[in-house]
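**Student:** The structure that follows is given in the form of structure tokens.
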Amino acid sequence: MDSAHSLADVQYSSFWLSDPSRPEPLPALVGDTSCDLLVVGGGYSGLWTALIAKERDPSRDVVLVEGQQVGWAASGRNGGFCAASLTHGFFNGLERWPEEIRTLERLGQENLQAIEDAVKRYGIDCDWERTGEMDVATEPYQVEELREGAATMAEYGIHAEFLDTEAIREQVASPTFLAAIWDKDGVAMVHPAKLAWGLKRACLELGVRIFEHTPATDLVESGPGMAVRTPYGRVFAGHVALGTNIFPNLVKRVRPYLAPVYDFALMTEPLTDEQLASVGWQNRQGLGDSSNQFHYFRMSADNRILWGGYDAIYHYGGKVRAEYDHRPETYEKLAEHFFTAFPQLEGIKFSHAWGGAIDTCSRFSAFFGTAHKGRVSYALGFTGLGVGATRFGAEVMLDLLSGEKTERTELAMVRSKPIPFPPEPVKWIGIGLTKWSLDRADHNEGRRNLWLKAMDALGLGFDS
């Protein structure tokens, strides 16, 4: 069976969001209301912000508005890798903030543990598994890079076990795997939609008022606070936290810092016992390969394999449209790559295929700020690694709104901004040239051309 036939019966929807435990939507806001804190956006950023705000001060009146349904966008269709890293990986953080990397790594570990504690405290059933993640070499030149990477991480007190070819294939059987680094404690696997729905329930239990199908359309100052307009009403709030990520931000000056990049994934049907035995994977780690155009893959609770990544599609003008959420040519490419990695699974079919936009910024990790005299805060640009880092972003937004100095607000990562993307058509041309160069490097033993070296020197990049 060729790879295209494996897609014959596929459903074009997120496997996670298709779960029958999906809650019913809450009513939209009709009329005017007021509150102490308004949270805009019902993904992880907004949910964590609302929850932590109530945990810090149970008497605070908190309202959350969501344009569609809680968790419907990136929070309900990501790969379900919940990483401790706040900087899109240790090496990105080391390159950008070497003097703070130990602090950032500690804060990241504390943040991941806080997520696990919240899952237990609120009884959130989200298939949480602290299995870690393996970064896999699939080309010979990557093997030594991983070995050196493990040694560098050890210098900073981070234990990542280097696995040679025999050791990695004992963990997960693929003829394409040549070596790996296994971070055993820094990543958890999670059902992303169930996590979002569980956070929604926890927020409601603490008294957060949530309005779904209530997009925020305008933000203006109103007396000592802010007013946010919605289709059928307004919210008057002392403070506003914006967790809208890739969707047009109500603080327009931050929009040039973001580029919507479309990422895609497939999910197989459940593996039989025989198929499961053929791949091993008994420790159920998350995996990603070491190429610039990388794949990420993992096992679900019911023993399906999620296989995503590789293509990162930017549309001219930075448009975010529903019709971009599916791309058959990418699905076929992903299927072909899947069977190259796991030829023993020839004949298995994919049950779901989906995609959507990621809020990419030029430094690959979140940036933060305030507007309207400190009444409004935002956390944006998680670049595909926001399942864990959004909780940290929520803490930062609340710290900024409080006006108090904290360990978080004093970080250079929090006090600085990435370089904004240039206007079109330069933006589209630059991203296209970067993608072409990254693909060329992947097929040339990782050698970076002059364009990539110039981008590296400027601290610029493109990722999903």
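The values are calculated or read from the model by the stated rules, or taken from the named source; none is laboratory data. For clarity, every value in this text was computed on a predicted model and none was experimentally measured. We place every Cβ from the backbone using ideal geometry, glycine too, and count neighbours over all the protein chains shown. Note: areas computed on protein heavy atoms with side chains; ligands, DNA, RNA excluded. Shrake-Rupley method; radii C 1.70, N 1.55, O 1.52, S 1.80 Å.
**Student:** So which residues in segment 51-103 are touching a Cys at 6+ places or on another chain (Cβ under 8 Å) and charged (D, E, K, R), if there are any at all?
**Tutor:** K54, D61
**Student:** Exactly one of these conditions fails for S34: (1) modelled with pLDDT of 95 or more; (2) open to solvent by 10 Å² or more (accessible area, probe 1.4 Å); (3) closer than 30 Å to M455 by Cα. Give me its number.
**Tutor:** Every listed condition holds for S34 apart from (3).
**Student:** For segment 318-350, how many residues are aliphatic (A, V, I, L, M) and under 20 Å from T360 (Cβ atoms)? Spell out the reasoning first.
**Tutor:** Initially, segment 318-350 is screened for residues aliphatic (A, V, I, L, M), giving 320, 322, 334-335, 341, 345, 348.
Narrowing further to those that are under 20 Å from T360 (Cβ atoms): 320, 322, 334.
Residues in segment 318-350 being aliphatic (A, V, I, L, M) and under 20 Å from T360 (Cβ atoms): 3 in total.
**Student:** Are any residues in segment 89-104 open to solvent by less than 40 Å² (accessible area, probe 1.4 Å), in contact with a helix residue (DSSP H, G or I) (Cβ under 8 Å, 6 or more places away or on another chain) and either of a type outside the set (D, E, K, R) or within 28 Å of K194 (Cβ to Cβ) (or both), and if so, which ones?
**Tutor:** First pass over segment 89-104, keeping only residues open to solvent by less than 40 Å² (accessible area, probe 1.4 Å): 89-90, 92-94, 97, 100-101, 104.
Subsequent filtering for residues that are in contact with a helix residue (DSSP H, G or I) (Cβ under 8 Å, 6 or more places away or on another chain) retains 90, 93-94, 97, 100-101, 104.
Scanning segment 89-104 gives F90, G93, L94, W97, I101, L104.
**Student:** Return the only residue of R363, R391 being charged (D, E, K, R) and in a loop (DSSP other than H, G, I, E, B). Reasoning before the result, please.
**Tutor:** Numbers: R391 fails: in a loop (DSSP other than H, G, I, E, B).
After applying the criteria, what remains is R363.
**Student:** For segment 409-464, enumerate the residues that are part of a helix (DSSP H, G or I) and touching a Phe, Trp or Tyr at 6+ places or on another chain (Cβ under 7 Å).
**Tutor:** Correct list: A412, M413, V414, K427, W428, I431, L433, T434, K435, S437.
**Student:** For segment 316-338, name all the residues that are aliphatic (A, V, I, L, M) and in a loop (DSSP other than H, G, I, E, B).
**Tutor:** To start, the set of residues in segment 316-338 that are aliphatic (A, V, I, L, M) comprises 320, 322, 334-335.
Answer for segment 316-338, where residues must be aliphatic (A, V, I, L, M) and in a loop (DSSP other than H, G, I, E, B): just V320.
**Student:** Of all residues in segment 167-195, count the ones that are farther than 17 Å from L306 by Cβ and either open to solvent by less than 10 Å² (accessible area, probe 1.4 Å) or of a type in the set (F, W, Y) (or both). Before the answer, list the steps.
**Tutor:** Kept after step one, since they are farther than 17 Å from L306 by Cβ, are these residues of segment 167-195: 167-171, 173, 175-186.
Now restrict to residues that are either open to solvent by less than 10 Å² (accessible area, probe 1.4 Å) or of a type in the set (F, W, Y) (or both): 168, 177, 179-180, 182, 186.
Residues in segment 167-195 being farther than 17 Å from L306 by Cβ and either open to solvent by less than 10 Å² (accessible area, probe 1.4 Å) or of a type in the set (F, W, Y) (or both): 6 in total.
**Student:** Taking the stated definitions as given, is Y316 of a type outside the set (S, T, N, Q), over 20 Å from W72 (Cα atoms) and open to solvent by less than 50 Å² (accessible area, probe 1.4 Å)? Give the derivation first.
**Tutor:** Numbers: of a type outside the set (S, T, N, Q): yes; over 20 Å from W72 (Cα atoms): yes; open to solvent by less than 50 Å² (accessible area, probe 1.4 Å): no.
Considered against the rule, which asks whether it is of a type outside the set (S, T, N, Q), over 20 Å from W72 (Cα atoms) and open to solvent by less than 50 Å² (accessible area, probe 1.4 Å), Y316 comes out as no.
**Student:** Next question, about the same structure. Checking T272 against (1) β-branched (V, I, T); (2) open to solvent by 40 Å² or more (accessible area, probe 1.4 Å); (3) closer than 28 Å to P140 by Cβ, only one condition comes out false. Which one?
**Tutor:** (3)
**Student:** Name the residues in segment 163-206 that are of a type in the set (D, E, K, R) and either within 30 Å of R60 (Cβ to Cβ) or more than 26 Å from the chain's Cα centre (by Cα) (or both), would you? Quick ask: steps written out before the conclusion?
**Tutor:** Looking only at segment 163-206, we keep the residues that are of a type in the set (D, E, K, R), and these are 164, 166, 169-170, 183-185, 194, 200-201, 205.
Within segment 163-206, D164, E166, R169, E170, K194, K200, R201, E205 meet the criteria.
**Student:** Taking R448, is it charged (D, E, K, R) and surrounded by fewer than 18 Cβ atoms within 10 Å (Cβ to Cβ)? Walk me through how you get there before you give the answer.
**Tutor:** Numbers: charged (D, E, K, R): yes; surrounded by fewer than 18 Cβ atoms within 10 Å (Cβ to Cβ): yes.
So R448 fits the description; yes.
**Student:** Quick one: what pairs do we get from segment 394-420, first residue under 25 Å from L94 (Cβ atoms), second surrounded by 14 or more Cβ atoms within 10 Å (Cβ to Cβ) and of a type in the set (K, R), C-beta under 7 Å, 6+ apart or different chains?
**Tutor:** Partner pairs satisfying both residue conditions: E395/R408; V396/R408; D399/R408; V414/R408; P418/R363.
**Student:** Are any of the residues in segment 363-385 charged (D, E, K, R), open to solvent by 10 Å² or more (accessible area, probe 1.4 Å), touching a Leu at 6+ places or on another chain (Cβ under 8 Å) and modelled with pLDDT of 95 or more?
**Tutor:** The answer is yes; a qualifying residue exists.
**Student:** Determine if segment 335-353 includes at least one residue that is within 22 Å of H88 (Cα to Cα) and either buried (at least 24 other Cβ atoms within 10 Å of the Cβ) or of a type outside the set (S, T, Y) (or both). Lay out the reasoning, then the answer.
**Tutor:** In the first step, residues of segment 335-353 are kept if they are within 22 Å of H88 (Cα to Cα); the result is none.
Within segment 335-353, not a single residue is within 22 Å of H88 (Cα to Cα) and either buried (at least 24 other Cβ atoms within 10 Å of the Cβ) or of a type outside the set (S, T, Y) (or both).
**Student:** Please verify whether E133 is under 18 Å from the mean Cα position of the chain (by Cα), under 30 Å from R60 (Cβ atoms), touching a residue at least 24 places away in the same chain (Cβ under 8 Å) and open to solvent by 10 Å² or more (accessible area, probe 1.4 Å), treating the condition exactly as stated.
**Tutor:** Numbers: under 18 Å from the mean Cα position of the chain (by Cα): yes; under 30 Å from R60 (Cβ atoms): no; touching a residue at least 24 places away in the same chain (Cβ under 8 Å): yes; open to solvent by 10 Å² or more (accessible area, probe 1.4 Å): yes.
Criteria not met by E133.
**Student:** For a quick check of your reading of the model, give me the residue pairs whose first member lies in segment 164-184 and is under 19 Å from S278 (Cβ atoms) and at pLDDT 95 or above, whose second is open to solvent by 40 Å² or more (accessible area, probe 1.4 Å) and of a type outside the set (V, I, T), with beta-carbon atoms closer than 6 Å and at least 6 apart or on different chains.
**Tutor:** T165/L178; F177/R169
**Student:** Shifting gears a bit: Name the single residue, out of those in segment 296-312 being aliphatic (A, V, I, L, M) and surrounded by 17 or more Cβ atoms within 10 Å (Cβ to Cβ), that is farthest from H5 (Cα to Cα). Can you show your working first?
**Tutor:** Narrowing segment 296-312 to residues aliphatic (A, V, I, L, M): 299, 301, 305-306, 312.
From what is left, the residues that are surrounded by 17 or more Cβ atoms within 10 Å (Cβ to Cβ) are 299, 305-306, 312.
Numbers: M299: 22, I305: 17, L306: 18, A312: 24 Å.
Ranking the candidates gives A312 first.
**Student:** Now, a different point. On the basis of being open to solvent by 60 Å² or more (accessible area, probe 1.4 Å) and either more than 23 Å from the chain's Cα centre (by Cα) or touching a residue at least 24 places away in the same chain (Cβ under 8 Å) (or both), does E212 make the cut?
**Tutor:** Numbers: open to solvent by 60 Å² or more (accessible area, probe 1.4 Å): no; either more than 23 Å from the chain's Cα centre (by Cα) or touching a residue at least 24 places away in the same chain (Cβ under 8 Å) (or both): yes.
In short, no.
**Student:** Is there any pair with a first residue in segment 215-243 that is surrounded by fewer than 17 Cβ atoms within 10 Å (Cβ to Cβ) and a second that is of a type in the set (V, I, T) whose Cβ atoms are under 6 Å apart and which are 6 or more apart or on different chains, and what are they?
**Tutor:** Within 6 Å, the pairs are R229/T217; Y232/V30; G233/V30.
**Student:** Scan V254, V220 and give me the residue that is outside any loop (DSSP other than H, G, I, E, B) and either within 17 Å of the chain's Cα centre (by Cα) or over 20 Å from G318 (Cα atoms) (or both).
**Tutor:** On the way: V254 fails: either within 17 Å of the chain's Cα centre (by Cα) or over 20 Å from G318 (Cα atoms) (or both).
From the options V254, V220, the qualifying one is V220.
**Student:** Six or more apart or on different chains, Cβ atoms under 7 Å: show the pairs whose first residue is in segment 328-345 and without any contact (Cβ under 8 Å) to a residue 40 or more places away in the chain and whose second is surrounded by 18 or more Cβ atoms within 10 Å (Cβ to Cβ).
**Tutor:** Filtered contacts from segment 328-345: K333/Y310; K333/D311.
**Student:** Whether any residue in segment 65-84 is surrounded by 15 or more Cβ atoms within 10 Å (Cβ to Cβ) and of a type in the set (S, T, Y) is what I want to check.
**Tutor:** First, the residues of segment 65-84 that are surrounded by 15 or more Cβ atoms within 10 Å (Cβ to Cβ): 65-67, 69-84.
Okay, now just the ones that are also of a type in the set (S, T, Y), so 75.
So far as segment 65-84 goes, yes, one or more of its residues are surrounded by 15 or more Cβ atoms within 10 Å (Cβ to Cβ) and of a type in the set (S, T, Y).
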